[in-house]
1. May I ask you to verify whether Val41 is under 16 Å from Trp27 (Cα atoms) and part of a loop (DSSP other than H, G, I, E, B)?
2. Tally time: how many residues in the range 30-47 are in contact with a helix residue (DSSP H, G or I) (Cβ under 6 Å, 6 or more places away or on another chain) and surrounded by fewer than 17 Cβ atoms within 10 Å (Cβ to Cβ)?
3. Report whether or not Arg49 is among the basic types (Lys, Arg), part of a helix (DSSP H, G or I) and at pLDDT 90 or above.
4. Could you list all residues from the range 1-21 that are within 16 Å of Arg67 (Cα to Cα) and either at pLDDT below 80 or not basic (Lys, Arg) (or both)?
5. Taking the criterion of being under 9 Å from the mean Cα position of the chain (by Cα) and under 21 Å from Leu12 (Cα atoms), would at least one residue in the range 71-85 satisfy it?
6. Using beta carbons and a limit of 7 Å, which pairs, at least six apart or on different chains, have the first residue in the range 50-71 and closer than 13 Å to Asp34 by Cα and the second one among the β-branched types (Val, Ile, Thr) and assigned to a loop (DSSP other than H, G, I, E, B)?
7. Any chance you could count how many residues in the range 74-91 are surrounded by 12 or more Cβ atoms within 10 Å (Cβ to Cβ), at pLDDT below 75 and in a loop (DSSP other than H, G, I, E, B)?
8. In this structure, is Glu68 more than 19 Å from Arg21 (Cβ to Cβ), of a type outside the set (Gly, Ala, Ser) and modelled with pLDDT under 90?
Amino acid sequence: MRTPRRADLAELPSRDAILRRWEELEWWSCAYCDRPFGEKVVAEVDHIRPLAKGGRDEWVNFNPACRECNRGKGDLDVDDWISMSAGQREAEGDLSITEGH
């Protein structure tokens, strides 16, 4: 039997609920570049392992990300994106990754 990648919608927290929870936990900066969210830096919910690569809609698969990092990462796994050379990320217009993230 195939396991669906998407959680039952009744069980899945909304994007806003996820963002509020991170704000309550004072995790209010991008997990990748460490820029704090605010008026000029939009917070998005990133899938650590993208749905396209078998990831799931689960808390353990969500990371707070700025729009630029989330778009730059696209459908790559976090490890694959981080391991890309700095030159390759810059050529593609992505931000540098903060050490330790």
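The values are calculated or read from the model by the stated rules, or taken from the named source; none is laboratory data. Note that the coordinates shown come from a computational prediction; the quantities given were computed from them, not determined experimentally. With ideal geometry, Cβ positions are generated from the backbone for all residues, glycine too; neighbour counts draw on all protein chains shown.
1. Working: under 16 Å from Trp27 (Cα atoms): yes; part of a loop (DSSP other than H, G, I, E, B): yes.
For Val41, the condition - under 16 Å from Trp27 (Cα atoms) and part of a loop (DSSP other than H, G, I, E, B) - is met.
2. Initial filter on the range 30-47 (in contact with a helix residue (DSSP H, G or I) (Cβ under 6 Å, 6 or more places away or on another chain)): 30, 32-33, 42-47.
Narrowing the set further to residues that are surrounded by fewer than 17 Cβ atoms within 10 Å (Cβ to Cβ) leaves 42.
Number satisfying all stated conditions: 1.
3. Values: among the basic types (Lys, Arg): yes; part of a helix (DSSP H, G or I): no; at pLDDT 90 or above: yes.
Criteria not met by Arg49.
4. Asp16, Ile18, Leu19
5. Scanning the range 71-85 turns up no residue that is under 9 Å from the mean Cα position of the chain (by Cα) and under 21 Å from Leu12 (Cα atoms).
6. Final answer for the pair search is Asn63/Ile48; Cys66/Val41; Cys66/Val42; Arg67/Val42.
7. Of the residues in the range 74-91, 0 are surrounded by 12 or more Cβ atoms within 10 Å (Cβ to Cβ), at pLDDT below 75 and in a loop (DSSP other than H, G, I, E, B).
8. Working: more than 19 Å from Arg21 (Cβ to Cβ): yes; of a type outside the set (Gly, Ala, Ser): yes; modelled with pLDDT under 90: no.
The answer is no for Glu68.
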